[in-house]
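This report refers to the structure that appears directly beneath it.
Since every read-out is calculated from the coordinates, none of them should be taken as a lab result. These figures come from a predicted structure and were not determined experimentally. Neighbour counts are summed over all protein chains in view; Cβ atoms, including those assigned to glycine, are modelled from backbone coordinates with ideal geometry.
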Amino acid sequence: MNITKTLDAKGLACPMPIVKTKKAMDMIQSGEILEVMATDKGALSDITAWVKSGGHTLLEQKTEDDVLYFYIQKA
Amino acid sequence: MSVNKWTAAQVARKVIDNEELFILDVRNQDAFEDWKIEGHKFEYLNIPYFELLDGVEEILPKLPTDKEVLVVCAKEGSSVMVAEMLSDAGREVAYLEGGMKSWSSYLEPIKVADLDNGGELYQFVRIGKGCLSYMVISEGEAAIIDAVRFTDLFIDFAKEKNVEIKHVFDTHLHADHISGGRHIAHETGATYYLPPKDATEVVFDYTALRDGLHVKIGESKIDVNALYSPGHTIGSTSFVIDDQFLLTGDILFIDSIGRPDLAGLAEDWVGDLRETLYKRYRELAEDLVVLPAHFMIIDELNEDGTVAKRLGDLFKENHGLNIEDEAEFRSTVTDNLPPQPNAYEQIRQVNMGKITPDNDEQTEMEIGPNRCAVR
């Protein structure tokens, strides 16, 4: 996977992971991939739903050592 | 405009007092549909906060200006953000402090009745989760039944009333919420009772709660009588208090009956449930006031916020008590059951003492409605 940009949102509470994800997405081009790291458990359902509502693609989601990783391809 | 902060206690008052409120719930659609703040006269709009990041203009026409608007999210953060955006747009709104997490935890103690010789019976309504706990007070002593996990609240309440907690009961091994019973007993030196048939796997000491157990609270006649009433679990036990009140645990609710499957044995226990509801309870005085361990819908609340109804009325009105055909009853309580409560297997493990999650993990496990009933 070719990651264009990485966002570290670890330690941030809702709504900041999504607010920052949205800003980061605004800075990349269509088809490029954003990696997001978050520790807020609510981010799992919220980022997944936000990605869907924005028409983007969640290529992969994994959890390692309590950190949530999201790989989002911009629409 | 300003942003106001409301506590769960203030919202609970609105529910109990039947007031109007407009709730803007900014959680995910799934979370909202699964579980929300229920009120008789509440109206709702559900828009996830992440759809409002570019502005709130689109929803302004949908928000009333002639009634109070409360923004709600899971923990608080997103509701503060949205409330501030609405305030910037000229609206006066409030947000719920602590979000649905604090709503799930809030307990309102309401007096059900005065008993003889200055005794009192309190119902602790956990309004967001639908759990009901009880405290019987008489002459300096107290008994607690089906305490939820916020032990300080019960202990402080007893202190305020200047009574010593002597007996702590669980009507059964709970699957929808974490019991505070044995912790209260441990802290106060009270005796903790659990039905032995539900306690085969527990890893702590307890006193057996058996049919016919008779406990006096204070010196006077206020007594607590155990009545074995299996069906929700094999050990489920009811209490008759002062010959006036029937605490039914999770066997009989106001508008529904207990489900027999949460310990995984619906087929085995349906016969017990039938026997309890259609024979054992029928032998009791119809004037007993039923006090259950849960409510499922806000319509089950009385005007004063209590959840209580005469047994004789339930025999007439509760659908679950009026299924003549045994096969139909069996199918009602074993087929097409509602989804099981969140994390119910883990919650049972906690209540057996097998696992000890921290406070945040316990909060997480208890998120969502209780779902202990079949309607």
Counting only DSSP beta bridges with both partners in the protein assembly as shown, the antiparallel fraction in percent, to the nearest 5, comes to 60 percent
Using alpha carbon centers only, segment B:1-74 is separated from segment A:1-63 by a whole-angstrom value of 26 Å
Taking R0 as 25 Å and r as the Cβ-Cβ distance between A:Ala75 and A:Thr48, the FRET efficiency 1/(1 + (r/R0)^6), rounded to the nearest 0.05, comes to 0.95
Rounded to 0.05, the calculated FRET efficiency for the beta carbons of B:Phe204 and B:Glu328 at R₀ = 30 Å is 0.15
For segment B:13-108 the GluC sites (Glu not before Pro) that pass both the DSSP coil test and the at-most-15 other-Cβ-within-10 Å test are B:Glu19, B:Glu92
Calc'd 3J(HN,Hα), segment B:89-97, phi into Karplus 6.51 cos²θ - 1.76 cosθ + 1.60 (θ = phi - 60°), Hz, glycine/Pro = x, comes to 7, x, 9, 8, 9, 10, 10, 8, 4
Connecting every pair of Cα atoms under 10 Å apart in chain A and solving the GNM, the largest mean-square fluctuation among A:Asp26, A:Asp40, A:Asp65 falls on A:Asp65
Cβ density ranking, 10 Å radius, fewest first, applied to B:Ser331, B:Ser236 yields B:Ser331, B:Ser236
Between the alpha carbon centres of segment B:340-375 and segment B:158-233 the gap in Å comes to 19 Å
For the protein assembly as shown, the percent of all C-alpha pairs falling in each 10 Å bin, from 0 up to the bin holding the max distance, is 4, 20, 26, 23, 16, 9, 2, 0
What the 5 Å binned alpha carbon P(r) of segment B:109-374 shows, as percent of pairs per bin from 0, is 1, 6, 14, 19, 21, 18, 12, 6, 2, 0, 0
Tilt, helix B:151-160 to longest principal axis of chain B (alpha-carbon atoms), in degrees rounded to tens, equals 80 degrees
Taking Cα atoms only, helix A:16-26 is inclined relative to the longest principal axis of chain A by an angle, in degrees rounded to 10, of 10 degrees
Mean projected area, convex hull of alpha-carbon positions in segment B:72-168, reported to one decimal in nm², is 7.5 nm²
Treating only Lys and Arg (+1) and Asp and Glu (-1) as charged, each at its beta carbon, one finds that chain B has a dipole about its Cα centre, in Debye to the nearest 20, of 520 debye
By Cβ neighbour count within 10 Å, fewest first, B:Arg126, B:Arg330 rank B:Arg330, B:Arg126
If one builds a Gaussian network model of chain B from Cα atoms under 10 Å apart, the most fluctuating residue listed among B:Ser133, B:Ser104, B:Ser87 is B:Ser87
Karplus-derived 3J(HN,Hα) from phi for segment B:178-184 (6.51 cos²θ - 1.76 cosθ + 1.60, θ = phi - 60°), whole Hz, x at Gly and Pro, runs 8, 6, x, x, 6, 6, 4
Rounded to one decimal in nm, the spacing of the 7 Å Cα→Cβ label points at B:Glu317 and B:Glu57 is 5.1 nm
Full extension between B:Lys354 and B:Glu33 adds, at 0.36 nm per residue less the Cα distance, a length in nm of 112.3 nm
Residues B:Glu328, B:Glu286 in order from fewest to most other beta-carbon atoms within 10 Å are B:Glu328, B:Glu286
Set A:Lys22/B:Lys101; A:Lys62/B:Lys41; B:Lys36/B:Lys309; A:Lys52/B:Lys36; B:Lys75/B:Lys354, cut-off 32 Å on Cα-Cα distance; pairs above it are A:Lys62/B:Lys41
Of every Cα-Cα pair in segment B:3-103, the percentage lying beyond 21 Å is 23 percent
On the formula 1/(1 + (r/R0)^6), with r taken between the Cβ atoms of A:Ser30 and A:Asp66 and R0 of 45 Å, the FRET efficiency rounded to 0.05 is 0.90
Answer in debye to the nearest 20: the dipole magnitude of segment B:231-324 about its Cα centre, from +1 Lys/Arg and -1 Asp/Glu charges placed on Cβ, is 200 debye
Tilt, helix B:77-88 to longest principal axis of chain B (alpha-carbon atoms), in degrees rounded to tens, equals 40 degrees
A correct Karplus calculation of ³J(HN,Hα) over segment A:41-58, with 6.51 cos²θ - 1.76 cosθ + 1.60, θ = phi - 60°, whole Hz and x for Gly and Pro, returns 5, x, 4, 4, 6, 5, 5, 4, 6, 5, 4, 5, 5, x, x, 7, 10, 8
The distance between the Cα centres of segment B:76-153 and segment B:264-316, in whole Å, is 23 Å
